[in-house]
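Written out below as structure tokens is the structure these notes cover.
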Amino acid sequence: MRVTRPDAVPLTRERLPAWLAAEHHGSMDWMEDRADQRADPTVLWPEARSVVVLGMNAGPEADPLALLAQKECGAIATYAQRRDYHEVIKGKLKELGGFLSARSGRPVKVFCDTAPVMEKPLAQAAGLGWQGKHTVLLSREHGNWLMLGAIFCVADLPVDPPETDHCGSCRRCLDACPTDAFPAPYRLDARRCIAYLTIEHAGPIPSEYREKIGNRIFGCDDCLAVCPWNKFAQAAREFRMAARADLAAPPLAELARLDEAGFRRFFAGTPIKRTGRDRILRNVLIAIGNSGDSLLAEEAARCLADPDPVVRGAAVWACGRLFPQARLAALFDAHGQAEADAHVRAEWRLARPLPDAPPAHSSSSPPPCGEGSGVGVVQEAPPPPPPSFPQGGGEPALSPEATEASAPRSVTET
Ligand code: B12
Ligand code: SF4
Ligand code: SF4
């Protein structure tokens, strides 16, 4: 925990508008809302005189990159394999904010991704660490695994010195990025970032990134995990930030079977729950398409009948990568012929290229848009594995009200 002044980050007044003007925020329109307040804490709350920035360690217990080789499992970003940090940090901020407000007799406001605040530059100004070339705040003590929150105070608190940049000539994070998301050091084009694509982006994932996503189903740790400053980092000790073992390597076959209720139960209390079942299923199907696993192909085939068109579209892509032509043609007859959604029909066209020979299977109705059927050797895949997902398991849902109710009256959460 460190303290800075609200006017300690003057550069963000230029840098945030430049980032937005370059459209590096993609479809995160909420980054444009109240951008003047986000870029300048003195506009957000003119009465504030001090900003307390809190960093919480969410360090992993094992190398997050090891999971990327386990193609039959989904890779979840380290920070999300545990209880939602918003809830944990918010609780701590309210406790501390209540104390500060009581001691100073002046009001405070607590923020953790809940208002337009740029937490990383404020954290650097307060001396918690520095923004690395990957733009994330890292520290010599905790490496890359700090999660941040802030308290704005009207009281004039003594401030800490800012931290300086210790990246030097290193560029490991820039070179490690699978999607080449850094147009320059210290700048991120979110539209290319797997964290954006798998968490924030609604709709189909652009085809150029699908292979590169590999088995990452929620977020990405690559640029953080390769940083040499992690050598001093430790696994999260705070019990509420402890990682859930069942989120370390969840089998894709089981994730692909989650219906809405099963999804909500399994991901209860984690940040993944807010992303929603359909978007996660879409990501799971991209990972299945990248698995090269014929057992998983059957899971993708089952999702061709999913009610959500984005899920169906991702299922078509996965089937196109895993099934031989003839089986794909049969699946098209069963599901694609009657497909009403334009995007899913487009996925079918790409998955099932025009044949250079007459169709090898019989079909009662012609395929849409003048396409023929696929040809190829039929290789029936083995039957799907039995369902074994812990449908009744998982953490009990957190009650946001529980933390709201405990807020001292002089602490405003925005
Ligand atoms: C939007 C957002 C995202 C977006 C965009 C990320 C981004 N870099 O902006 C997406 C969805 C991609 C994302 C991904 C992730 N996020 Co995020 N995200 C945010 C959020 C809500 C806002 C960040 C923001 O203000 N971006 C706007 C840009 C313009 O700001 P900036 O990154 O600070 O940009 C600076 C540089 O570009 C620099 N700059 C520009 N030009 C130049 C030129 C020079 C010469 C120099 C030196 C610098 C420089 O100045 C800018 C201003 O400081 C914050 C929470 C918050 N309220 O702050 C969390 C937050 C940044 N995310 C967080 C995390 C953990 C992640 C992930 C690691 C999650 C994961 N594992 O998948 C990834 C990391 C990806 C990455 N390399 O950044 C944490 C980071 C904690 C930390 N230690 O820093 C935060 C703070 C949430 C939290 N409360 O803890 N995130
Ligand atoms: S989180 Fe992954 S995709 Fe995003 S910038 Fe870092 S390495 Fe690249
Ligand atoms: S990997 Fe290297 S360049 Fe990137 S944040 Fe770490 S020290 Fe800086």
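The values are calculated or read from the model by the stated rules, or taken from the named source; none is laboratory data. For clarity, every value in this text was computed on a predicted model and none was experimentally measured. Reconstructed Cβ throughout: ideal geometry from the backbone, glycine too, with neighbour counts over all protein chains shown.
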**Asked** For residues in the stretch 299-317 being in contact (Cβ under 8 Å) with a residue 40 or more places away in the chain and hydrophobic (A, V, I, L, M, F, W, C), which is surrounded by the most Cβ atoms within 10 Å (Cβ to Cβ)?
**Response** A314
**Prompt:** Does D175 satisfy being within 14 Å of ligand 3 (Cβ to nearest atom), on the phi < 0 side of the Ramachandran plot and either in a helix (DSSP H, G or I) or of a type in the set (V, I, T) (or both)?
**Reply:** yes
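So which residues in the stretch 183-216 are within 16 Å of ligand 3 (Cβ to nearest atom) and more than 14 Å from R279 (Cα to Cα)?
P183, A184, P185, Y186, R187, L188, C193
Return the only residue of K109, K120, K133 being under 18 Å from the mean Cα position of the chain (by Cα), charged (D, E, K, R) and either surrounded by fewer than 24 Cβ atoms within 10 Å (Cβ to Cβ) or away from ligand 1 (no atom under 11 Å from the Cβ) (or both).
K120
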**Asked** Among the candidates R210, R191, which residue alone is in contact (Cβ under 8 Å) with a residue 60 or more places away in the chain, near ligand 1 (Cβ under 10 Å from one of its atoms) and part of a helix (DSSP H, G or I)?
**Response** R191
**Asked** If you take the residues in the stretch 217-234 that are away from ligand 3 (no atom under 12 Å from the Cβ) and under 23 Å from I194 (Cβ atoms), which one is farthest from the chain's Cα centre (by Cα)?
**Response** D221
**Message:** So, G55, is that one over 22 Å from E200 (Cβ atoms), more than 19 Å from the chain's Cα centre (by Cα) and within 16 Å of ligand 3 (Cβ to nearest atom) or not?
**Reply:** yes
**Request:** Select from the stretch 15-47 the residues that are in contact with a strand residue (DSSP E or B) (Cβ under 9 Å, 6 or more places away or on another chain) and assigned to a loop (DSSP other than H, G, I, E, B) and write down the one among them that is farthest from P206 (Cα to Cα).
**Result:** E47
**Fill in**
Note: among V52, V88, V43, just one is surrounded by 17 or more Cβ atoms within 10 Å (Cβ to Cβ) and farther than 18 Å from R244 by Cβ, namely V52
**Message:** Among the residues in the stretch 72-90, are any assigned to a strand (DSSP E or B) and under 22 Å from P107 (Cα atoms)?
**Reply:** no
**All positions within the stretch 236-272 that are without any contact (Cβ under 8 Å) to a residue 60 or more places away in the chain and crowded, with 20+ Cβ neighbours inside 10 Å** = A256, F263
**Among (1) part of a loop (DSSP other than H, G, I, E, B); (2) more than 16 Å from ligand 3 (Cβ to nearest atom); (3) in contact with a Phe, Trp or Tyr (Cβ under 9 Å, 6 or more places away or on another chain); (4) under 22 Å from C177 (Cβ atoms) - the single one H134 does not satisfy** = (2)
**Complete:** The lone condition A123 fails out of (1) under 27 Å from R82 (Cα atoms); (2) without any contact (Cβ under 8 Å) to a residue 60 or more places away in the chain is (2)
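Which ones in the stretch 145-161 are in contact with a strand residue (DSSP E or B) (Cβ under 8 Å, 6 or more places away or on another chain) and part of a loop (DSSP other than H, G, I, E, B)?
Selection gives W145, V154, A155, D156, L157, P158, V159, D160.
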**Asked** Under the condition of being of a type in the set (S, T, Y) and in contact with a strand residue (DSSP E or B) (Cβ under 9 Å, 6 or more places away or on another chain), which residue from the stretch 183-238 is farthest from ligand 2 (Cβ to nearest atom)?
**Response** Y186
**Single condition A243 does not satisfy, out of (1) small (G, A, S); (2) out of contact with any helix residue (DSSP H, G or I) (no Cβ under 7 Å at 6 or more places or on another chain); (3) at pLDDT 95 or above** = (3)
**Item:** Residues being under 24 Å from H343 (Cα atoms) and part of a helix (DSSP H, G or I) - total across the stretch 213-234
**Value:** 1
**Request:** Within the stretch 160-172, identify whether any single residue is surrounded by fewer than 20 Cβ atoms within 10 Å (Cβ to Cβ), within 16 Å of ligand 2 (Cβ to nearest atom) and more than 27 Å from P17 (Cα to Cα), and answer yes or no.
**Result:** yes
**Prompt:** Among the residues of the stretch 109-144, how many are within 16 Å of ligand 2 (Cβ to nearest atom) and out of contact with any strand residue (DSSP E or B) (no Cβ under 6 Å at 6 or more places or on another chain)?
**Reply:** 6
**Request:** Within the stretch 176-187, identify whether any single residue is aromatic (F, W, Y), within 12 Å of ligand 1 (Cβ to nearest atom) and crowded, with 18+ Cβ neighbours inside 10 Å, and answer yes or no.
**Result:** yes
